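Following: one structure in structure tokens, then a few remarks.
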Amino acid sequence: MTDEPSEKAADGISATVGRVAFEIERQLGLPLAPGLYLVATPIGHLADMTLRAIAILARADIVYCEDTRRSRTLLAHYAARTPLRPYHEHNAEEQRPRVLKELADGRVVALISDAGTPLISDPGFKLVREAAAAGHAVTAVPGPSAALAALTVAGLPTDAFFFAGFLPARGGARRSRLAELAAIPATLVFFEAPTRTADTLADLAAGLGNREAALARELTKLHEDVRRARLADLAQAFALAPPKGEVVIVVGPPEAGEVSDAEIAARLAPALETLSIRDASRLVAETLKVPKGRVYDVALGLKQRERS
Ligand code: SAM
């Protein structure tokens, strides 16, 4: 990379600046129909705003967001002075009728989240459902999402993928969820908090098998980093020092010859009718040649489901 663009490159850059200015002006001048606009915003890099997203946030009558202080910084970066109002998991129930009334009054209402695409592990699902049911236009203004950004850099199959969001924090609910996910023939994408990452990687290795995986950290930011390794190796790498910043875990699909949790569960079910959890787990572990601890976890999950 050179520091100084050549004269020809500089000409090209100023032509690009002109085109971008032309396009944003055009977007700002287009008629904007009333309705609910779901606007994706950056997951780190402030320049990851589409021209259409900037224009809609600048021209909406109101922007609903999770954290008004945080979103004010984003809007200020693009000199948008649109009023901001909070819409988050703690006030969504009370705010929804108000938003629906604004839509009924013919307003242009935008919904954004703290980062990335609204509704993706973020508030908005019920609002979209109710706005659509009431006959209001609902429009996606697509852009960044940590899930897709991580999937694309992971180096794992992308032909079929399953967004699993955040796993249940712990215990039986987590084990049952992992048992369900283990059977899915697709790459899996998880969100996780950095402090929980090492435990989650270890649970994923136990619940899904030691599959190929990637840990994508601080995407689009200064310290962006992607580690590609098997789950158990990633778990070990982060056991002592949790990753800093935000992370997405991407796990490859089941591999040939790998025993799935669904298969373990199918063998366990009859064994558990006559044997204790411990004995049934030992028997199935020996038969399928998988670690006893993993079979025991699946058995606990089965028992838990039986009780609930
Ligand atoms: N709706 C957002 C989206 O579309 O990206 C995701 C919101 S969810 C509450 C937040 C999670 O997204 C974080 O815990 C982390 O797993 C992931 N995340 C957000 N920004 C990220 C980034 N820059 N790099 C890696 N992961 C990120």
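The values are calculated or read from the model by the stated rules, or taken from the named source; none is laboratory data. Owing to the predicted nature of the structure, the values given are computational and were not obtained by experimental measurement. Counting neighbours? That spans all protein chains shown, and the Cβs are built from the backbone with ideal geometry, glycine included. Areas reflect the complete protein model, heavy atoms only, side chains present, ligands, DNA and RNA absent. Shrake-Rupley method; radii C 1.70, N 1.55, O 1.52, S 1.80 Å.
Computed quantities for the displayed model
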item	result
Verdict on L46 being touching a strand residue (DSSP E or B) at 6+ places or on another chain (Cβ under 9 Å) and in contact (Cβ under 8 Å) with a residue 24 or more places away in the chain	no
Meets criteria (surrounded by fewer than 16 Cβ atoms within 10 Å (Cβ to Cβ) and either among the polar types (S, T, N, Q) or closer than 22 Å to A137 by Cα (or both)) for L46	no
Hits in segment 81-120 (condition: within 19 Å of A33 (Cβ to Cβ) and without any contact (Cβ under 8 Å) to a residue 60 or more places away in the chain)	T82, L100, K101, E102, A104, D105
Flag for V295 being not assigned by TED's automatic domain parsing to the domain that holds A183 and not in a helix (DSSP H, G or I)	no
Unmet criterion (only one of (1) surrounded by 15 or more Cβ atoms within 10 Å (Cβ to Cβ); (2) among the β-branched types (V, I, T); (3) out of contact with any Pro (no Cβ under 8 Å at 6 or more places or on another chain)) for V247	(3)
The one condition in (1) under 21 Å from G44 (Cα atoms); (2) within 14 Å of the ligand (Cβ to nearest atom); (3) open to solvent by 20 Å² or more (accessible area, probe 1.4 Å) that S113 fails to fulfil	(3)
Qualifying position, being touching a Phe, Trp or Tyr at 6+ places or on another chain (Cβ under 9 Å), within 19 Å of T152 (Cβ to Cβ) and in contact (Cβ under 8 Å) with a residue 40 or more places away in the chain, among A214, A186, A198	A186
Those residues of segment 136-166 which are away from the ligand (no atom under 11 Å from the Cβ) and among the hydrophobic types (A, V, I, L, M, F, W, C), in sequence order	A137, V138, A140, V141, L151, A154, L156, A160, F161, F162, A164
Segment 220-243, residues that are within 30 Å of M49 (Cβ to Cβ) and modelled with pLDDT of 95 or more	T220, K221, L222, H223, E224, D225, V226, R227, R228
Hits in segment 61-111 - residues which are among the hydroxyl-bearing types (S, T, Y) and under 25 Å from E25 (Cβ atoms)	S71, T73, Y78, T82
Residues satisfying the stated conditions in segment 168-191, i.e. surrounded by 21 or more Cβ atoms within 10 Å (Cβ to Cβ) and within 11 Å of the ligand (Cβ to nearest atom)	V189, F190
Condition broken by R72, with the remaining ones in (1) within 20 Å of the chain's Cα centre (by Cα); (2) open to solvent by 70 Å² or more (accessible area, probe 1.4 Å); (3) not polar (S, T, N, Q) satisfied	(1)
Scope segment 150-167; condition in contact (Cβ under 8 Å) with a residue 24 or more places away in the chain, β-branched (V, I, T) and open to solvent by 70 Å² or more (accessible area, probe 1.4 Å); matching residues	T158
Within segment 124-135, tally of residues that are more than 16 Å from the ligand (Cβ to nearest atom) and among the β-branched types (V, I, T)	0
Failed criterion for R59 (all others in (1) open to solvent by less than 50 Å² (accessible area, probe 1.4 Å); (2) under 22 Å from H136 (Cα atoms) hold)	(1)
Strands (runs of 3 or more DSSP E) lying entirely in segment 207-270 (those with 2 or more residues that are of a type in the set (G, A, S) and within 16 Å of the ligand (Cβ to nearest atom))	212-217
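For (1) basic (K, R); (2) out of contact with any Lys or Arg (no Cβ under 8 Å at 6 or more places or on another chain); (3) assigned by TED's automatic domain parsing to the domain that holds K292, each residue gets a yes or a no:
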position	(1), (2), (3)
R175	yes, yes, no
A213	no, no, no
F238	no, yes, no
G245	no, no, no
